[in-house]
1. 222 nm [θ] for the chain, helices only, -39500 (n - 2.57) per DSSP H run of 4+, per residue, to 500?
2. Rounded if a/c is under 1.5, else prolate if a/b is larger than b/c, else oblate: which is segment 30-148, with a ≥ b ≥ c the root eigenvalues of its Cα gyration tensor?
3. Karplus couplings for segment 145-150 from phi (6.51 cos²θ - 1.76 cosθ + 1.60, θ = phi - 60°), rounded to Hz, Gly and Pro as x?
4. In whole Hz and in residue order, list the ³J(HN,Hα) couplings for segment 175-191 that follow from phi through the Karplus curve 6.51 cos²θ - 1.76 cosθ + 1.60, θ = phi - 60°; x for Gly and Pro.
5. Name the most mobile residue of 227, 48, 90, meaning the one with the largest mean-square fluctuation, in a Gaussian network model of the chain with Cα contacts below 10 Å.
6. If you count only protein heavy atoms and use a 1.4 Å probe, how large is the accessible surface of residue 215, to the nearest 10 Å²?
7. Going by a ≥ b ≥ c, the root eigenvalues of the Cα gyration tensor, does segment 105-256 fall in the rounded group (a/c under 1.5), the prolate group (a/b larger than b/c) or the oblate group?
8. Skipping prolines and chain starts, which residues have an amide H placed within reach, meaning under 5 Å, of the one on residue 182, given they are 5 or more residues away or on another chain?
Amino acid sequence: MARTLLQAIPELCLSMPDAEHFVSHGAPNFRVRGGKTFAIFAVNSHGDGRVALWLAAPDGAQTHLCEIQPQDYFVPPYVGVRGWLGVQLDQSLAWSEISDRVSEAYRQVASRQQIALLASETTVAEPDTALTAAEIDPLQSPHALAVLAQLRHVCLTFPETSEGTQFGAPVWRAGKKGFALAWAYNGPLTLGFWVGIERQSLMTADPRFSIPAYMGHNGWIALDVSDEIHWEEISALALDSYRHFANKRMLHALGE
């Protein structure tokens, strides 16, 4: 059975003594049991297109490696200010070098007793198959591309609308204000619209709907479109959300 980085990287990180896995902000994290995190597996984080590990690193390693091998190493967001190292996994690095970086990261947080149990060489086999475009970015799957094309057609028919990106995902704006979103952050393909707080509780009686993190308190709703899709429903949601954010000139043009 073919193995990709999606299988090999968790195996490698969990091969460290007393390592355990948890998910934070949609990304797999790896830590020493009862202790600190040493690795984050970040695939297309905020649409950056990278297949990468963010690793705890020895003092000076970040600056040194990013200078001499910028094609393979980078300063990751959020944790980079703490000296962590970003490692590109699908470029030119040998599996043995990736393994060495993971071992170094583990040593930064593990106890002496745990480090003593660390094997001199990893026994985890390297992946034998590259990731597909859809595995790196679920929005590139045939289903997602078809949904986005239809949503684009719906949203861009409204006056003074445009398409852009927000945190690496598509957003449609009325003027400068986003009124429709699409994302698939380590989960199902989801569309987001403003519906108002008073409608949220009624809509979430339908399991396809949920209140999204971060913006749910502002009246947004999330709709799972990984399977069942009703375009009349989606068009109505997009229109209501557009009306909420549109100015008087836009609403006048919409009425015409």
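1. -9500 deg cm²/dmol
2. Since a/c reaches 1.5 and a/b is larger than b/c, the shape of segment 30-148 is classed as prolate.
3. Per residue, the Karplus-derived 3J(HN,Hα) values read 4, 5, 5, 5, 5, 5 Hz.
4. x, 9, 9, x, 10, 8, 10, 9, 7, 8, 7, 6, x, x, 5, 9, 10
5. 227
6. For residue 215, the solvent-accessible surface is approximately 40 Å².
7. Prolate shape, in that a/c is at least 1.5 and a/b is the bigger ratio.
8. Here 192 satisfy the definition.
The values are calculated or read from the model by the stated rules, or taken from the named source; none is laboratory data. None of the values given here were measured: they were computed from a predicted structure. Just the protein is used for accessible areas: all its heavy atoms, side chains included, with ligands, DNA and RNA removed. Shrake-Rupley method; radii C 1.70, N 1.55, O 1.52, S 1.80 Å.
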